[in-house]
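Novice: Encoded as structure tokens, here's the structure I'll be asking about.
The values are calculated or read from the model by the stated rules, or taken from the named source; none is laboratory data. Predicted model, so just to flag it, every value in this text is computed and none were measured. No Cβ is skipped: glycine too gets one built from the backbone with ideal geometry, and neighbour counts run over all protein chains shown.
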């Protein structure tokens with residue numbers, strides 16, 4: 001990873017790195033009490049000078065987001081996470097099916113793992129890049145019920161999961177989706193071919209079966225300039 005090659009133009013290196021950590025702290029991705037990597041680790045990982053990291057850390061310390069504990073390291077402070085306001089709306093699941101039908105999938109070999117849920121069920125976890133017109137459109141982190149995966153393992157491994165679920169006729173009685181504006185960290189910026197700290201849509205999607213059990217969930221990241229949300233509100237008069 002090289003911060004110099006991935007930073008936004010005209011943004012100083014130390015400000016870019018500080019922004020990455022600031023977004024991670026204020027989103028809760030880096031929780032209170034988390035220990036940050038040592039200075040030497042960060043300079044090697046980012047490919048920047050020692051002073052660049054020190055300047056970024058000093059900025060965040062001045063903002064009250066981190067604290068240095070002599071002999072122990074640098075830690076995230078207990079900060080107030082900004083509260084988001086939720087705007088609820090309803091849509092048809094057919095809109096999701098129509099959207100993914102236009103996409104291609106790039107499978108990262110070796111990323112699939114199996115995870116045991118609290119209820120004892122197993123889920124297949126996979127990371128994908130979906131493309132449109134040959135260019136990265138979104139990164140997807142998938143959790144799929146392992147019994148559902150076993151219905152068509154080759155297809156689920158190599159195709160878009162939502163499309164396969166539809167083709168197999170897997171019963172989805174309820175679906176929900178949450179959309180948040182977020183920012184690209186280093187790995188996401190590299191995967192999508194965008195600059196670090198570029199705005200992205202983070203979409204949390206879940207499909208549930210007739211017993212209201214989760215069968216599929218995904219966290220999707222879309223570049224901010226490639227997705228648009230459109231909402232139509234009814235204007236029925238008050239009774």
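Novice: Out of everything in region 197-239 that is over 18 Å from residue 95 (Cβ atoms) and at pLDDT below 90, what residue ends up being surrounded by the most Cβ atoms within 10 Å (Cβ to Cβ)?
Specialist: Residue satisfying both the conditions and the ranking: 225.
Novice: Hey, does region 216-236 have a residue that's in contact (Cβ under 8 Å) with a residue 12 or more places away in the chain, more than 19 Å from residue 130 (Cα to Cα) and in a strand (DSSP E or B)?
Specialist: No, that holds for no residue.
Novice: Turning to a different aspect of this structure: Could you give every pair whose Cβ atoms fall below 8 Å, whose first residue belongs to region 29-49 and is assigned to a helix (DSSP H, G or I), and whose second residue is exposed (fewer than 12 other Cβ atoms within 10 Å of the Cβ) and modelled with pLDDT of 90 or more, counting only separations of at least 6 or pairs across chains?
Specialist: Matching pairs, first to second residue: 39/50; 43/50.
Novice: May I ask you to list the residues in region 40-90 that are touching a strand residue (DSSP E or B) at 6+ places or on another chain (Cβ under 8 Å), at negative phi and either surrounded by 11 or more Cβ atoms within 10 Å (Cβ to Cβ) or assigned by TED's automatic domain parsing to the domain that holds residue 189 (or both)?
Specialist: Those that are touching a strand residue (DSSP E or B) at 6+ places or on another chain (Cβ under 8 Å), at negative phi and either surrounded by 11 or more Cβ atoms within 10 Å (Cβ to Cβ) or assigned by TED's automatic domain parsing to the domain that holds residue 189 (or both): 57, 60, 61, 65, 66, 67, 68, 74, 75, 76, 77.
Novice: Here are some residues: 76, 53. Which one is touching a residue at least 24 places away in the same chain (Cβ under 8 Å) and within 29 Å of residue 179 (Cα to Cα)?
Specialist: It is 76.
Novice: Would you check which residues across region 12-28 are within 19 Å of the chain's Cα centre (by Cα) and either in the same structural domain as residue 179 (by TED's automatic domain parsing) or assigned to a loop (DSSP other than H, G, I, E, B) (or both) and list them?
Specialist: Listed by number, the residues that qualify are 27, 28.
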